[in-house]
Amino acid sequence: MKVYPQNTLRDQSQRTRKRKKRHNKNDDDGIFPLLATSLRHQTAEFFNNSTLHGVRYIAEKERPFCEKFMWFSFTAVGAVASCIIIVSLWEKFQTNPTITGLDTDFHNWDVPFPAVTICDVDPVDQDLLQEYIERIWPSEVPANASAMLQWLATLSYRSIAENASKYVTQPDLVGRSINDAPAPALDPKEAVLSIVQRCDTLFYDCEWKGDSEECCDLLVPVFTEMGFCYAFNSKHAERSWPWQTHTETEQFTEAYIHETDSKWSFMFNSFRNTSTVDIYIHSTEEMAGLEQSAQLSWDHRVEKLSFSVKHTYTTADARQLSIRQRRCIFTDEVHLETSSIYTYSACMRQCRMRRSRSYCKCVPHFYPKTKGYRQCTVAELQCIAKYAAEITDVTQCSCELGCSHTVYEVEKLTEIDPSKEPTASDSLETEFVSWPMVRYKREVLFGWVDLLVSFGGIAGLFLGFSLLSGVELVYYFTLRACCSVWRDADMLRRERAERLSRPKPPYNLSLVPWWKQPPESQEVEPIKLNVKYVQPPLYSPPPGYTDYLP
């Protein structure tokens, strides 16, 4: 049974006239009806002429419905499978596009020796401290003056949070205002340099690669987040200090070792064999900070520290990847305000400096003097103590490892023989445990070219899709459709008029399957009856009767 949307022939003719009038009215509406008709026309053209597998059979009007549905199913399955595989490839490209392997060509290396940072837990010289106190407060020495100066020499975020309230509340130490504040309260770094032990009174008989060297030429002062220290082969040492032997700071020269050297070590002797010294071994570009723990707390029972090196570098072709993909940053890729090159420790240090400046408008004096960052007075350290937890929160800093970074691990500690004299050693030697024969190389495993080839292979395998197919898709529905509106407007109007004037096909409500009873052709329409205008037939008498029944 077929049901037509029109109830009567008259209604059909009336609606046809209304449709024509509406069509004539729409012709004057503007370019949008023509553009819609052009898109419909280009869709049919694209399906008929496209090189994509199977889509041409979907658009052909002569094909039976079952064949169209079959090709539509195959094409849909291929498209879904392509999308799933392409998404997995994209995820791999975003999360794991690099591979790390071993580089064993060690004979041509120039191996840099690490920086050795030596931090005494009590770096203050008591004689210099007393002289400084008498010079600053000649008449009356305030209470806790000596303790405050020693606190400034070993200043760290932890000691600031614990002891700042003991000193910043005493007007005799920090002054009642900025005008009457003493020199240590205004310039803590200068005060620390005036009271710490000098290099010549702390170290002697230093050796580099087995050759005797002047200790003060090798070890220079450096302020770290753990307090005042001395450092060997560090790029972040202080530029000037009171006991300099020359007027201008010489340009830093990094120390290297070679396979033919007699020793791969640095050794120093200390006059102080009673205090504990923290030893940090790190890369020359790095600085000892909160991100690193001391490799050794030297209590003078160890005479040799042997370490191994694990160096990782990234090839230049990794620059095609984003920072989030390769999870590292090249030294010249991100500009830092506090360092000329990018390193992880420099990034973290700058992050803490920025947070300190945002909370308290200043930074502690153990940070280097940098443009835009004012160093705090002693009174302002109370603010640093208040926000110490927020400033040192590592989750607030978005820093990545450097693409070239080195890790030093302690492999062996050689202690002195307790059966021999003396029981405490004055010297400590830091050396490579062996020649570094292996380093790691990170290179691109899955780059943009590989991604493009993978996408094209998958799309071509399932759909026959290529790069030019995508260009055709854009061309048909943008440039070609717009040009058709401009050049073939009359043809589009006629096509639209025919489509609007074409009667709607009947709705086949029959439950008989099509393979048992094929559907009738839409061109042959069944007879439409209007009950209102159909008259009943005249009554005819049965055979043998000549008259009508009453």
Problem set entry | Options 209, 235, 189, 263; residue that is touching a Phe, Trp or Tyr at 6+ places or on another chain (Cβ under 6 Å) and charged (D, E, K, R) | 235
Seminar exercise, completed: Considering only helices (runs of 4 or more DSSP H) wholly within the range 327-439, the ones with at least 1 residues that are among the aromatic types (Phe, Trp, Tyr) and farther than 29 Å from residue 169 by Cα are 344-360
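If you go through the range 174-188 one residue at a time, do you hit one that is small (Gly, Ala, Ser), free of Cβ contacts under 8 Å to residues at least 24 places away in the same chain and part of a loop (DSSP other than H, G, I, E, B)?
Taking the range 174-188 as the starting set, the residues that turn out to be small (Gly, Ala, Ser) are 175, 177, 181, 183, 185.
From what's left, free of Cβ contacts under 8 Å to residues at least 24 places away in the same chain: 177.
Filter once more, keeping what is part of a loop (DSSP other than H, G, I, E, B): 177.
There is at least one residue in the range 174-188 that is small (Gly, Ala, Ser), free of Cβ contacts under 8 Å to residues at least 24 places away in the same chain and part of a loop (DSSP other than H, G, I, E, B).
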For this session: Return the only residue of 132, 167 being touching a residue at least 60 places away in the same chain (Cβ under 8 Å), under 16 Å from residue 228 (Cβ atoms) and crowded, with 17+ Cβ neighbours inside 10 Å.
Result: 132
Problem set entry | Every pair of residues 6+ apart whose Cβ atoms lie under 7 Å, when the first sits in the range 380-397 and is in contact (Cβ under 8 Å) with a residue 60 or more places away in the chain while the second is open to solvent by 50 Å² or more (accessible area, probe 1.4 Å) and in a loop (DSSP other than H, G, I, E, B) | 392/290
Exercise. Among (1) in contact (Cβ under 8 Å) with a residue 60 or more places away in the chain; (2) open to solvent by 10 Å² or more (accessible area, probe 1.4 Å); (3) aliphatic (A, V, I, L, M), which single condition is residue 341 missing?
Worked result: (1)
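For residue 447, indicate whether it is small (Gly, Ala, Ser) and open to solvent by less than 50 Å² (accessible area, probe 1.4 Å). Steps first, answer last, please.
Working: small (Gly, Ala, Ser): yes; open to solvent by less than 50 Å² (accessible area, probe 1.4 Å): yes.
Spelling it out, residue 447 is indeed small (Gly, Ala, Ser) and open to solvent by less than 50 Å² (accessible area, probe 1.4 Å).
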For this session: Kindly list, by first and then second residue, each pair from a residue in the range 252-269 that is closer than 14 Å to residue 307 by Cα and assigned to a loop (DSSP other than H, G, I, E, B) to a residue that is open to solvent by less than 80 Å² (accessible area, probe 1.4 Å) and acidic (Asp, Glu), limited to pairs with Cβ atoms under 6 Å and residues at least 6 apart or on different chains.
Result: 264/431
Seminar exercise, completed: All-but-one check, residue 321 against (1) touching a helix residue (DSSP H, G or I) at 6+ places or on another chain (Cβ under 8 Å); (2) open to solvent by less than 10 Å² (accessible area, probe 1.4 Å); (3) closer than 27 Å to residue 101 by Cβ, failing number (1)
Exercise. If you take the residues in the range 285-301 that are open to solvent by less than 10 Å² (accessible area, probe 1.4 Å) and over 33 Å from the mean Cα position of the chain (by Cα), which one is farthest from residue 225 (Cα to Cα)?
Worked result: 300
Seminar exercise, completed: residue 305 vs (1) open to solvent by 70 Å² or more (accessible area, probe 1.4 Å); (2) in contact (Cβ under 8 Å) with a residue 60 or more places away in the chain; (3) not hydroxyl-bearing (Ser, Thr, Tyr): all pass except (1)
Exercise. Here are some conditions: (1) farther than 25 Å from residue 289 by Cβ; (2) modelled with pLDDT under 90; (3) part of a helix (DSSP H, G or I); (4) not charged (D, E, K, R). Residue 169 meets all but one. Which one does it not meet?
Worked result: (3)
Problem set entry | Where a residue in the range 444-470 is under 13 Å from residue 93 (Cβ atoms) and its partner, wherever it lies, is among the aromatic types (Phe, Trp, Tyr) and surrounded by 14 or more Cβ atoms within 10 Å (Cβ to Cβ), with Cβ under 7 Å and at least six apart | 446/93; 451/93
For this session: Can you tell me which residue within the range 75-93, out of those that are within 19 Å of residue 321 (Cβ to Cβ) and in contact (Cβ under 8 Å) with a residue 24 or more places away in the chain, is surrounded by the most Cβ atoms within 10 Å (Cβ to Cβ)?
Result: 93
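Can you tell me which residue in the range 260-284 is farthest from residue 432 (Cα to Cα), limited to those that are out of contact with any strand residue (DSSP E or B) (no Cβ under 8 Å at 6 or more places or on another chain) and open to solvent by 50 Å² or more (accessible area, probe 1.4 Å)? Let's see the steps before the verdict.
As a first pass, look at the range 260-284 and keep what is out of contact with any strand residue (DSSP E or B) (no Cβ under 8 Å at 6 or more places or on another chain): 260-262, 273-274.
Now narrow it down to the ones that are open to solvent by 50 Å² or more (accessible area, probe 1.4 Å): 260, 262, 273-274.
On the way: 260: 14, 262: 12, 273: 24, 274: 27 Å.
Residue satisfying both the conditions and the ranking: 274.
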Exercise. Do we have any residue at all in the range 111-126 that's surrounded by 13 or more Cβ atoms within 10 Å (Cβ to Cβ), part of a helix (DSSP H, G or I) and of a type in the set (Ser, Thr, Tyr)?
Worked result: no
For this session: Could you list, in sequence order, all residues of the range 205-244 that are touching a Cys at 6+ places or on another chain (Cβ under 6 Å), farther than 24 Å from residue 364 by Cα and either open to solvent by less than 60 Å² (accessible area, probe 1.4 Å) or among the basic types (Lys, Arg) (or both)?
Result: 206, 215, 216, 218
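Can you report the number of residues in the range 200-241 which are part of a strand (DSSP E or B) and of a type in the set (A, V, I, L, M)? Lay out the reasoning, then the answer.
Kept after step one, since they are part of a strand (DSSP E or B), are these residues of the range 200-241: 203-208, 211-213, 219-224, 227-232.
Next, from what is left, pick out any that are of a type in the set (A, V, I, L, M): 219-220, 222, 231.
Qualifying residue count for the region: 4.
The values are calculated or read from the model by the stated rules, or taken from the named source; none is laboratory data. These numbers were taken from a predicted model, which means no experiment stands behind them. Cβ coordinates were reconstructed from backbone atoms using ideal geometry, including for glycine residues, and neighbour counts include every protein chain displayed. Accessible surface areas use protein heavy atoms only, side chains included; no ligands, DNA or RNA. Shrake-Rupley method; radii C 1.70, N 1.55, O 1.52, S 1.80 Å.
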